[in-house]
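K.L.:
Take a look at the following structure, please.
The values are calculated or read from the model by the stated rules, or taken from the named source; none is laboratory data. Please read all numbers here as calculations on a predicted model, not as lab measurements. FYI the Cβ positions are ideal-geometry reconstructions off the backbone, even for glycines, and counts take in every protein chain you see. Calculation scope for accessible area: heavy atoms of the full protein, side chains included, ligands and nucleic acids excluded. Shrake-Rupley method; radii C 1.70, N 1.55, O 1.52, S 1.80 Å.
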Amino acid sequence: MKKKLDYPNLVYSFLALMSLLLLNISEVKPNRIAPGEKFRLFELTGLPMMVFVMGFLVLMLISYDFSEKKAVVSGILSPILFTGILFMLGRVSIDLAKDAPTMRLSFSAGFYGMLLMVYLLIGHGLSKKPRRQYLIYMGLVLCGVVIAFLLSSGQFQVFSIMKEFENKKAQFFTSFTEHLFLSMGSVLAGMIIAVPLGYLAYRRKKLESFVMVPLSILETIPSLSLFGVLLVPLAALGRLPFFKALGVSGIGWAPAFVALTLYTLLPIGRNTLVGFSTVDQSVIEAAKGMGMNRSEIFRRILFPLALPIILTGLRIAMVQTLGGAVLAGLVGGGGLGSFVFLGLAEGSPDLVLLGVIPIVVMTLTLDSTLKGLVKRLRRDEL
């Protein structure tokens, strides 16, 4: 059998190596305000950098005759290399800060380029669906535990993003809770509204356009415009004692919650309609022949078969809402968007990252969880 070269694995490994060799990996600043000096990894670590160079060269070499076993190796070795680089940067930053307590280390283009390539290497290894892909997940968990340990032991205390976190720890956890409330609450509210609407459009074909067209129009309205539209009615609603007690007003959490809920309606409603429509009519006819009534057909046949596609719509809405909730910071709605806009106003990339990184982690975690649940449900149908 002719041996083939796996180009994605080769390209990702090569670009990760070039990011470390040619691009600046970090910027060392004397304090938060003053400009710093950028360094490549070799300039900070010296010869120990060769360990990481050899690691990425190994990843390049295994691209030849790329097998399932090599996919597992790539998926495990790449996050280990990233964890090692992070550890080395932490050690170097602590040594540099001994004579300069206000010094801080920020990440530069080389670090982000390497991180992106490592992410792609892990994804590519998993895409090959090796029989022992659980080893990749175990490797990721192990690397996560090591990073968490290093974080708790103070190895990253000189990193600029950690200094920003320490300065705004209380505000961070408050904003994180607000972001979860806005995101999860709006998706739940959207699901309560959109699933019945999708089912109504399925049951009454004549109503499909009356249901789906308004949802499509809502999706096209820019977020800031929608906030402006909601300002007057919510301000009026907030004058009523009940809604005033809930904190409803033209600014704050209420317009952000309503807007995010409206944006979830189309993906959930559309996928609900598609999910019910794709159920084979012969299955429904067979259920009727067995004496099932409409309620039993819905509970035991129609809804279980449509559920994977409905959950796919829920996954899309969840990912969309976690990112969209950032804009709540513009109307005083709180959430992690407040860090993003504060960082932009102060010219602090690390403050922006303090808001962005938790959103990315939550998005990837929830997306993977729901995707795995959908796959499990589809396997159970077979």
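K.L.:
Given the criteria touching a residue at least 12 places away in the same chain (Cβ under 8 Å) and surrounded by fewer than 19 Cβ atoms within 10 Å (Cβ to Cβ), does residue 113 qualify?
P.N.:
Values: touching a residue at least 12 places away in the same chain (Cβ under 8 Å): yes; surrounded by fewer than 19 Cβ atoms within 10 Å (Cβ to Cβ): yes.
Criteria met by residue 113.
K.L.:
Could you tell me which residue of the range 61-104 is farthest from residue 116 (Cα to Cα), considering only residues that are part of a helix (DSSP H, G or I) and hydroxyl-bearing (Ser, Thr, Tyr)?
P.N.:
Initially, the range 61-104 is screened for residues part of a helix (DSSP H, G or I), giving 61, 68-96.
Applying the additional criterion that residues be hydroxyl-bearing (Ser, Thr, Tyr) yields 74, 78, 83, 93.
Details: 74: 15, 78: 11, 83: 14, 93: 22 Å.
Checked the range 61-104; the qualifying residue farthest from residue 116 (Cα to Cα) is 93.
K.L.:
Which numbered condition in (1) of a type outside the set (S, T, N, Q); (2) within 15 Å of residue 111 (Cα to Cα); (3) open to solvent by 20 Å² or more (accessible area, probe 1.4 Å); (4) more than 25 Å from the chain's Cα centre (by Cα) is the only one that residue 34 fails?
P.N.:
All conditions are met except number (2).
K.L.:
Can you pull out the residues in the range 330-351 that are open to solvent by less than 30 Å² (accessible area, probe 1.4 Å) and at pLDDT 85 or above?
P.N.:
335, 336, 337, 339, 340, 343, 350, 351
K.L.:
Give me the pairs, please: first residue somewhere in the range 226-252 and within 14 Å of residue 327 (Cβ to Cβ), second residue anywhere and open to solvent by less than 40 Å² (accessible area, probe 1.4 Å) and hydroxyl-bearing (Ser, Thr, Tyr), beta-carbon distance under 9 Å, and either six or more positions apart or on two chains.
P.N.:
226/263
K.L.:
Can you tell me which condition residue 58 does not meet? The list is (1) farther than 27 Å from residue 38 by Cα; (2) more than 24 Å from the chain's Cα centre (by Cα); (3) not in a helix (DSSP H, G or I), and all the others hold.
P.N.:
(3)
K.L.:
Another question, then. In the list 121, 105, which residue meets the criterion of being over 26 Å from residue 138 (Cβ atoms) and out of contact with any Cys (no Cβ under 7 Å at 6 or more places or on another chain)? Explain how you work it out, then say what you get.
P.N.:
Values: 121 fails: over 26 Å from residue 138 (Cβ atoms).
Selected residue: 105, the only one of 121, 105 that is over 26 Å from residue 138 (Cβ atoms) and out of contact with any Cys (no Cβ under 7 Å at 6 or more places or on another chain).
K.L.:
Next question. Looking for something in contact with a Leu (Cβ under 9 Å, 6 or more places away or on another chain), closer than 30 Å to residue 332 by Cβ and assigned to a helix (DSSP H, G or I) - is there at least one such residue anywhere in the range 135-153?
P.N.:
no
K.L.:
For the range 352-382, which residues satisfy the criterion of being open to solvent by 30 Å² or more (accessible area, probe 1.4 Å) and among the hydroxyl-bearing types (Ser, Thr, Tyr)?
P.N.:
The answer is 365, 368, 369.
K.L.:
For residue 322, all conditions in the list (1) open to solvent by less than 20 Å² (accessible area, probe 1.4 Å); (2) more than 12 Å from the chain's Cα centre (by Cα); (3) hydrophobic (A, V, I, L, M, F, W, C) hold save one; what is the number of the exception?
P.N.:
Residue 322 satisfies all of (1) open to solvent by less than 20 Å² (accessible area, probe 1.4 Å); (2) more than 12 Å from the chain's Cα centre (by Cα); (3) hydrophobic (A, V, I, L, M, F, W, C) except (2).
K.L.:
Name the residues in the range 71-83 that are open to solvent by 20 Å² or more (accessible area, probe 1.4 Å) and either among the charged types (D, E, K, R) or closer than 22 Å to residue 156 by Cβ (or both), would you? Before the answer, list the steps.
P.N.:
Residues of the range 71-83 open to solvent by 20 Å² or more (accessible area, probe 1.4 Å): 73, 76-77, 80, 82.
80, 82, listed by residue number.
K.L.:
Shifting gears a bit: For the list (1) assigned to a helix (DSSP H, G or I); (2) open to solvent by less than 30 Å² (accessible area, probe 1.4 Å); (3) among the aliphatic types (A, V, I, L, M), I need the number of the one condition that residue 316 fails.
P.N.:
(2)
K.L.:
List every residue pair whose Cβ atoms lie under 6 Å apart, where the two residues are 6 or more positions apart in sequence or sit on different chains, the first residue falls within the range 47-70 and is more than 20 Å from residue 25 (Cα to Cα) and open to solvent by 20 Å² or more (accessible area, probe 1.4 Å), and the second residue, located anywhere, is of a type in the set (Lys, Arg) and part of a helix (DSSP H, G or I).
P.N.:
62/70
K.L.:
Sticking with this structure for a sec: For the range 191-223, what are the residues that are among the hydroxyl-bearing types (Ser, Thr, Tyr) and either closer than 15 Å to residue 259 by Cβ or buried (at least 20 other Cβ atoms within 10 Å of the Cβ) (or both)? Quick ask: steps written out before the conclusion?
P.N.:
Of all residues in the range 191-223, those among the hydroxyl-bearing types (Ser, Thr, Tyr) come to 199, 202, 209, 216, 220, 223.
Result: 199, 202, 220, 223.
K.L.:
Further question on the same structure: Within the range 234-249, does at least one residue satisfy the condition of being open to solvent by less than 60 Å² (accessible area, probe 1.4 Å), closer than 20 Å to residue 181 by Cα and among the hydroxyl-bearing types (Ser, Thr, Tyr)?
P.N.:
Yes, the range 234-249 has at least one match.
K.L.:
Examine the range 30-39 for a residue that is out of contact with any helix residue (DSSP H, G or I) (no Cβ under 6 Å at 6 or more places or on another chain) and of a type in the set (Gly, Ala, Ser), and state whether such a residue exists. Write out each step before concluding.
P.N.:
We begin by selecting, within the range 30-39, every residue out of contact with any helix residue (DSSP H, G or I) (no Cβ under 6 Å at 6 or more places or on another chain); these are 30-39.
Imposing the further condition that a residue be of a type in the set (Gly, Ala, Ser) reduces the set to 34, 36.
Scanning the range 30-39 turns up at least one residue that is out of contact with any helix residue (DSSP H, G or I) (no Cβ under 6 Å at 6 or more places or on another chain) and of a type in the set (Gly, Ala, Ser).
K.L.:
Please verify whether residue 17 is within 21 Å of residue 53 (Cα to Cα) and open to solvent by 50 Å² or more (accessible area, probe 1.4 Å), treating the condition exactly as stated.
P.N.:
On the way: within 21 Å of residue 53 (Cα to Cα): yes; open to solvent by 50 Å² or more (accessible area, probe 1.4 Å): no.
So residue 17 fails the test.
K.L.:
Only one of 276, 303 is aromatic (Phe, Trp, Tyr), open to solvent by 30 Å² or more (accessible area, probe 1.4 Å) and within 20 Å of residue 191 (Cα to Cα); which?
P.N.:
After applying the criteria, what remains is 303.
K.L.:
Scan the range 41-55 residue by residue and report those that are modelled with pLDDT under 90 and either within 30 Å of the chain's Cα centre (by Cα) or small (Gly, Ala, Ser) (or both).
P.N.:
Result: 41, 46.
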